[in-house]
Amino acid sequence: MEHLKRHEPGLQTPVYVVDETALVHNLEILQGVQQRTGCHILLAQKAFSMFRVYPLIGQYLAGATASGLFEARLAHEEMPGRENHVFCPAYTPEEMEEIVQICDHISFNSLAQLEAHRPVWEKAGVSVGLRVNPEHSTQEGHAIYDPCAPGSRLGIRRQNLPDQLPKGVEGLHFHTLCEQDAAPLVETFAAFEEKFGQYLPGLKWINLGGGHHITRPGYDIAALEQLILSIREKYVLEVYLEPGEAIALSAGTLITTVLDIVQATDMPVLILDTSAACHMPDVLEMPYRPPLYDSGLPGEKACTCRLASRTCLAGDVIGEYSFDSCPQIGDRLVFGDMAIYSMVKNNTFNGMPLPDIALRHLDGSCEVVRHFGYQDFKTRLS
């Protein structure tokens, strides 16, 4: 989508711009999977929580899933009437009292948590499930994102379950993928079925978790649909998927301005008004190299520069990129795929202002949905 490259000169930077056209494109793909298989696809809010577009998302998807009370409240308030699921490694008694009033499905990470909150969830009549750990990793090099990594705290291992599931458990939930295709899911389900298949007859639902890059070009949708249909036919279960990235994949940009250029010993360093540490922390945590429109790999184009932030953190470096001609002070650069795991992870380290959030509507107009200022920084600290 060529229009995603826009520098939007009418907006101040840094600014996230989420594109409705790209969102609808993704949502139509996901809706098609639901319609052809009868599965339920949920928005995983941990990746994308821009609730301004929740009414739009609710037109296409079955609902949302949360990682705790606050996300559950957000979905309840901003996507009313749709399914509202929640999983958290541990809930407090106070949280559970509210969660059972706003969620229809609750997954527990241990038998101890299930039993500790039993009086509350049993009385409320919500559907509860257990998250299990198939202990089958399909990832390499990203242990921080791998729920099946050795020592993982996420999910109950088979040896820690009784031969009969506790009374009231209606579903099982596993989540093992990260930005992956259908083949790892098929492989993981086979491992899950071998260990936990005995529990499936008589249950009401299974949740296949997230990490499914369904809307990425080249994703094997046919294999995904075949798996879902086979599960539904063999076990007569409702099947849930809860992708986060797939909803807003390639649907957002982060526009930044070059404030200064420092000449280092090896190359020019562009000082930007955005920050890896504050505005795109996955760059440092994963790490990964965010896409930048009209740029190339180091040495690919005429001028190679290092892109860095104006924070005092020496390692606050976004990466090295090449350009047909060296950017100048005042130029704007546009990072792609910045709707997911960016806004939700923002922080104000070093007093860095948070980027504005804008929405590009279907007609091409651009609206600033949220502007952040000094009070947003100050009120988080005391």
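The values are calculated or read from the model by the stated rules, or taken from the named source; none is laboratory data. Not measured: the values here are computed from a predicted model. When we count neighbours, we look across all protein chains shown, and the Cβ atoms used for this are built from the backbone with ideal geometry, even at glycine. For accessibility, only protein heavy atoms count, side chains too; no ligands or nucleic acids. Shrake-Rupley method; radii C 1.70, N 1.55, O 1.52, S 1.80 Å.
Looking at segment 287-298, which of its residues are open to solvent by 60 Å² or more (accessible area, probe 1.4 Å) and of a type in the set (G, A, S)?
none
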**OP:** Write out, first by first residue and then by second, each pair whose Cβ atoms fall under 8 Å of each other, whose residues are 6+ apart or on separate chains, and whose first residue, in segment 18-39, is within 14 Å of Y60 (Cα to Cα) and buried (at least 18 other Cβ atoms within 10 Å of the Cβ) while the second is modelled with pLDDT under 95 and among the polar types (S, T, N, Q).
**Re:** none
Original post:
Which one of the conditions (1) open to solvent by 50 Å² or more (accessible area, probe 1.4 Å); (2) without any contact (Cβ under 8 Å) to a residue 60 or more places away in the chain; (3) over 21 Å from the mean Cα position of the chain (by Cα) does Q113 fail to meet, given that it meets all the rest?
Top reply: (1)
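The rows are residues; the columns are (1) open to solvent by 50 Å² or more (accessible area, probe 1.4 Å); (2) outside any loop (DSSP other than H, G, I, E, B).
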| position | (1), (2) |
| --- | --- |
| P119 | yes, yes |
| V128 | no, yes |
| Q139 | no, no |
| P162 | yes, no |
| P166 | no, no |
| T176 | no, no |
| E187 | yes, yes |
Subject >> Those residues of segment 360-379 which are over 19 Å from A22 (Cα atoms) and open to solvent by less than 60 Å² (accessible area, probe 1.4 Å), in sequence order >> reply: F372, G373, D376
Original post:
Could you list, in sequence order, the residues of segment 1-35 that are charged (D, E, K, R), in contact with a His (Cβ under 9 Å, 6 or more places away or on another chain) and part of a helix (DSSP H, G or I)?
Top reply: E20
Original post:
So Q101 fits all but one of (1) open to solvent by less than 30 Å² (accessible area, probe 1.4 Å); (2) in a helix (DSSP H, G or I); what number is the exception?
Top reply: (1)
Subject >> Residue that is surrounded by the fewest Cβ atoms within 10 Å (Cβ to Cβ), among those in segment 339-359 that are more than 19 Å from the chain's Cα centre (by Cα) and of a type in the set (S, T, N, Q) >> reply: N350
Subject >> Counted residues, segment 43-72 - those being of a type outside the set (A, V, I, L, M, F, W, C), in a helix (DSSP H, G or I) and either in contact with a Leu (Cβ under 9 Å, 6 or more places away or on another chain) or crowded, with 18+ Cβ neighbours inside 10 Å (or both) >> reply: 4
Subject >> The listed residue being within 30 Å of P268 (Cα to Cα), out of contact with any Gly (no Cβ under 8 Å at 6 or more places or on another chain), among the acidic types (D, E) and open to solvent by less than 10 Å² (accessible area, probe 1.4 Å), out of D316, D331 >> reply: D316
**OP:** Take L130 and decide whether it is out of contact with any His (no Cβ under 8 Å at 6 or more places or on another chain), hydrophobic (A, V, I, L, M, F, W, C) and at pLDDT 95 or above.
**Re:** no
Original post:
Restricting the search to segment 80-110, which residues are in contact (Cβ under 8 Å) with a residue 24 or more places away in the chain and more than 23 Å from the chain's Cα centre (by Cα)?
Top reply: P93, M96, E98, V100, S110
Subject >> Condition met for D266 (within 28 Å of I144 (Cβ to Cβ) and open to solvent by 60 Å² or more (accessible area, probe 1.4 Å)) >> reply: no
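A quick yes/no check of all residues on (1) of a type outside the set (A, V, I, L, M); (2) in contact (Cβ under 8 Å) with a residue 12 or more places away in the chain; (3) closer than 20 Å to T138 by Cα; (4) out of contact with any Pro (no Cβ under 8 Å at 6 or more places or on another chain):
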residue	(1), (2), (3), (4)
A190	no, no, yes, yes
L254	no, yes, no, no
D273	yes, yes, no, no
L284	no, yes, no, yes
Original post:
open to solvent by less than 40 Å² (accessible area, probe 1.4 Å), modelled with pLDDT under 95 and in contact with a strand residue (DSSP E or B) (Cβ under 9 Å, 6 or more places away or on another chain): does that describe V283?
Top reply: yes
Original post:
Is there a residue being farther than 27 Å from E71 by Cβ and in contact with a Cys (Cβ under 7 Å, 6 or more places away or on another chain) anywhere in segment 250-257?
Top reply: no
